[in-house]
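Nothing in this text is a laboratory measurement; each read-out follows from the coordinates by a stated rule. Computed from a predicted structure; not experimentally measured.
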Amino acid sequence: MSSRQRPRASSRAPRTNAPPRAPEPTGLAAAPKPGRIAAYAGLAVLGAAVGLAGTLLQGALFPGGLLLALLAAAGVFYGGRVLTGTQLGALAPAVGWFVVVVLLLGGRPEGDFVFGEELGLALFMLGTMGIAVMCATMSRLPYPADAPRPPGT
């Protein structure tokens with residue numbers, strides 16, 4: 001070895017720039033938190049209550065009741081989106097609403113039916129599903145400039 005050559009680094013030397021461990025998963029890959037699961041379950045129950053109340057209200061008071069039922073559904077869906085900050089926050093009450101309304105669509109063996117006229121039923125079903133889709137697919141929520149941003153934004 002001449003005086004100008006440096007000794008070669010051994011291939012067995014430990015890497016000093018390697019991360020200490022794998023990064024924790026985020027989003028749907030992350031482990032669910034109990035508080036978030038409880039929030040989604042509560043939103044689903046609230047959506048089911050709004051679906052039941054909206055079904056009865058739109059059938060009883062057709063034009064005004066239908067608008068009130070649609071506004072209540074929009075409030076729950078958008079409120080869930082804002083509360084959780086995720087698309088699932090809007091979809092959880094929509095699932096609760098959908099389950100209740102589909103169960104109420106099936107009449108009783110005696111022929112009783114919860115919904116009023118066909119036009120009100122169609123507007124109620126299509127309008128609420130459209131509102132749920134709009135709330136779930138809207139862009140990210142705006143945050144004030146002085147508020148800390150959530151992770152990932």
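Structure data summary
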| quantity | calculated |
| --- | --- |
| 3J(HN,Hα) from dihedral phi, the stretch 45-58, Karplus parametrisation 6.51/-1.76/1.60, rounded to Hz, x for glycine, proline | 5, 5, x, 5, 5, 5, x, 5, 5, x, 4, 5, 6, 5 |
| Fully extended contour minus Cα-Cα distance, from Asn17 to Leu83, at 0.36 nm per residue | 19.8 nm |
| 3J(HN,Hα) from dihedral phi, the stretch 90-95, Karplus parametrisation 6.51/-1.76/1.60, rounded to Hz, x for glycine, proline | 8, 7, 4, x, 5, 5 |
